[in-house]
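Visitor: Dropping a structure here in structure tokens format, bear with me for questions.
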Amino acid sequence: MPHISARDGTRLYYEEAGQGSVVVFVHEYAGDFRTWEPQMRYFSRSHRCVTYSQRGYPPSDVPEDGAKYGQDIARDDVIAVMDTLKIDKAHVVGHSMGAATALHVGIHYPDRCLSVTAAGCGYGSSPDAKIVEESRAASRATGEAFAKEGIAVMAVRYGDGPTRQTHKHKDPRGYAEFIKMLSEHSAIGHSLTMLHLQAKRPTLWDMQANLKTFKPPLLVLVGDEDDWCLEASVFLKRTVPTAGLVVIPRSGHTITSEEPAAFNAALSDFIANVEAGRWMSHRAP
């Protein structure tokens with residue numbers, strides 16, 4: 001199985017397919033490298049596509065030290081994947097937890113980004129400090145529950161959250177596959193990722209100064225029933241000077257697999273415009 005070594009020696013499993021300009025896919029908290037299969041099959045026809053499992057997600061290593069997890073570590077893992085695979089620049093595409101990481105890559109490594117895509121981004125972000133702390137407390141409780149209850153129980157419970165109901169009811173077969181993949185994850189990995197990354201990462205409002213000077217072209221995608229991320233996605237559109245916003249109707253949080261055709265069409269159009277140098281053509285020079 002192909003692995004790369006992150007900067008601290010943690011091994012990350014990856015897969016790649018296709019040739020052309022590079023697209024790197026960064027998965028959500030409830031996903032893994034397999035989450036991106038609808039995108040790998042579609043975009044590898046015209047691009048070199050890379051997907052990987054983040055630390056804590058088998059077949060990548062699952063460190064048992066909480067200090068091995070965090071937003072900066074996740075950000076640098078993207079760069080480690082690119083460095084090992086000799087990728088100078090890429091379209092960095094992230095979903096949910098992976099979207100936050102993609103934004104951090106765009107802020108700290110703009111020269112490595114052909115573009116950035118943030119899909120379903122913003123859980124826990126709000127200008128209201130009370131809401132932020134409530135979200136952090138919920139994240140801590142979720143992290144502790146994964147450690148206590150185990151992956152089989154928590155996959156069903158976590159995967160049945162309010163923003164995944166559209167997926168569950170529109171596409172029961174796809175939703176069942178999503179729950180099955182989630183149930184094959186590591187309870188320790190999920191616990192430590194939630195406790196040390198999601199519960200501690202800066203909110204989008206904390207990042208406002210950096211987002212106002214964000215350089216790479218940015219595509220923001222969100223489902224119109226993803227209540228956790230709608231306001232945050234509008235905030236990104238209004239804050240980032242290079243941002244464009246796509247709202248996918250009748251859709252929740254798991255948009256990459258819930259509505260892959262709509263997701264792929266929006267991303268394909270974005271990448272084509274970026275590579276043609278036309279993403280910002282609607283603005284006066």
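Visitor: Please go through segment 1-20 and give me each residue that is closer than 17 Å to residue 56 by Cβ, modelled with pLDDT of 95 or more and in contact with a Phe, Trp or Tyr (Cβ under 7 Å, 6 or more places away or on another chain), ordered by number.
Guide: Matches in segment 1-20: 3, 4, 12, 13, 14.
Visitor: Here is a follow-up. Can residue 247 be described as β-branched (Val, Ile, Thr) and either part of a loop (DSSP other than H, G, I, E, B) or surrounded by 20 or more Cβ atoms within 10 Å (Cβ to Cβ) (or both)?
Guide: In short, no.
Visitor: Is it the case that residue 62 is crowded, with 18+ Cβ neighbours inside 10 Å and either without any contact (Cβ under 8 Å) to a residue 12 or more places away in the chain or farther than 17 Å from residue 267 by Cβ (or both)?
Guide: The answer is yes for residue 62.
Visitor: Test residue 202 against the stated conditions and say whether it is part of a loop (DSSP other than H, G, I, E, B), in contact with a Cys (Cβ under 8 Å, 6 or more places away or on another chain) and modelled with pLDDT of 95 or more.
Guide: So residue 202 does not fit the description; no.
Visitor: Go over the candidates 145, 152 one by one and state the one that is surrounded by fewer than 17 Cβ atoms within 10 Å (Cβ to Cβ) and in a helix (DSSP H, G or I).
Guide: Exactly one residue qualifies, and that residue is 152.
Visitor: For segment 192-203, what are the residues that are closer than 18 Å to residue 102 by Cβ and in contact with a Phe, Trp or Tyr (Cβ under 6 Å, 6 or more places away or on another chain)?
Guide: 193, 197
Visitor: Suppose we keep only residues that are of a type in the set (Ser, Thr, Tyr) and buried (at least 24 other Cβ atoms within 10 Å of the Cβ) within segment 77-122. Which one would you say is nearest to the chain's Cα centre (by Cα)?
Guide: Among them, the one singled out is 96.
Visitor: Would you mention how many residues in segment 13-52 are out of contact with any Pro (no Cβ under 9 Å at 6 or more places or on another chain), crowded, with 18+ Cβ neighbours inside 10 Å and assigned to a strand (DSSP E or B)?
Guide: The number of residues fulfilling the criteria is 10.
Visitor: Another one. Would you mind telling me which numbered condition in (1) surrounded by fewer than 24 Cβ atoms within 10 Å (Cβ to Cβ); (2) closer than 26 Å to residue 145 by Cα; (3) in contact with a helix residue (DSSP H, G or I) (Cβ under 7 Å, 6 or more places away or on another chain) residue 194 fails?
Guide: Of (1) surrounded by fewer than 24 Cβ atoms within 10 Å (Cβ to Cβ); (2) closer than 26 Å to residue 145 by Cα; (3) in contact with a helix residue (DSSP H, G or I) (Cβ under 7 Å, 6 or more places away or on another chain), only one is false for residue 194: (1).
The values are calculated or read from the model by the stated rules, or taken from the named source; none is laboratory data. Note that the structure is predicted; figures quoted are calculated from it, not measured. Backbone-built Cβ (ideal geometry, glycine too); neighbour counts: all protein chains shown.
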